[in-house]
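**Student:** First, the structure itself, so that you have it in front of you.
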Amino acid sequence: MSLKSKRVLVLNVDKDNDVGVATGVRTPLIGRDKVASVASLFAIKSPEDSDTNSIFAAINTYDSLVQEGYTCEIAVIAGTEEGGFKADVKVASELEYVLKAFQTDGVIFVSDGASDEQVIPAIQSKVPVISVKRVFVQQEKSVEETYVLFYRYLKKLSEPQLSKVALGVPGILILAVVALYLSNLLNYALLAS
């Protein structure tokens with residue numbers, strides 16, 4: 001059986017449900033027209049969100065596969081704003097719904113980063129993952145944009161699922177540097193490294 005004879009699902013996962021929060025649209029989204037419509041609305045409402053680019057990358061992947069003669073479908077599923085276990089359960093539930101609507105032999109997983117990719121084991125328990133496509137957003141290297149990106153990063157850290165990880169390790173490092181400085185051992189630490 002050749003790959004072209006298999007039914008392929010192009011799946012975009014938004015674990016923290018940015019698309020739903022920004023647009024007010026409920027997932028799962030199934031079908032190119034529906035996904036493209038919501039992606040356009042999402043791009044208008046939240047143009048700086050990398051999830052926007054990953055949805056458009058999924059559409060691009062779907063279009064390429066259709067043009068090459070594959071039988072495929074596209075879907076966007078999402079978790080919850082809180083992340084964690086609740087998000088994983090919602091993603092699994094939405095995946096089951098999509099798989100009932102489109103019986104597939106495998107998934108091409110499209111995401112914008114590692115946090116979304118944490119759900120791959122849950123997906124693989126239901127259907128094989130043929131390929132993983134991670135979308136990286138290209139950025140201009142200018143001082144103003146660096147400040148904007150830094151501001152957005154700090155703002156994103158206020159989200160509960162990110163603050164636990166992102167503030168933990170850097171926070172420990174900052175505390176260690178401050179402790180070394182206050183105990184006049186910073187110079188020795190720098191010389192040792």
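**Student:** Among the listed pairs 15/133; 6/90; 90/126, which are separated by more than 24 Å between their Cα atoms?
**Tutor:** Distance filter (> 24 Å) returns 6/90.
**Student:** What is the pair-distance distribution P(r) of region 72-117, computed from all Cα-Cα distances in 5 Å bins starting at 0, with each bin given as a whole percent?
**Tutor:** Binned Cα distances yield the sequence 5, 20, 28, 26, 15, 6, 0.
**Student:** Oh, and also: Find the accessible area per residue for region 1-134; the probe is 1.4 Å, ligands and nucleic acids are left out, and the unit is Å². It would help to have the intermediate numbers written out before the result.
**Tutor:** On the way: 6380 Å² over 134 residues.
Accessible area per residue, region 1-134: 48 Å².
**Student:** What part of the accessible area of region 1-90, given as a whole %, is carbon or sulfur when the probe is 1.4 angstrom?
**Tutor:** Working: 2140 of 4230 Å².
After summing per-atom areas, the C and S share lands at 51 percent.
**Student:** Using the Karplus curve 6.51 cos²θ - 1.76 cosθ + 1.60 with θ = phi - 60°, what ³J(HN,Hα) values do you get for each residue of region 92-104, in whole Hz, with x for Gly and Pro?
**Tutor:** 4, 5, 5, 5, 4, 4, 5, 5, 6, 6, 9, 6, 10
**Student:** In region 1-104, if every C-alpha pair distance is counted and binned at 5 Å from zero, what percent goes to each bin?
**Tutor:** Over region 1-104, the share of Cα pairs per 5 Å bin runs 2, 14, 23, 24, 19, 11, 5, 2, 0 percent.
The values are calculated or read from the model by the stated rules, or taken from the named source; none is laboratory data. Treat the numbers as computed from the prediction; the structure is a model and nothing was measured. All accessible areas refer to the heavy atoms of the entire protein, side chains included, with ligands and DNA or RNA removed. Shrake-Rupley method; radii C 1.70, N 1.55, O 1.52, S 1.80 Å.
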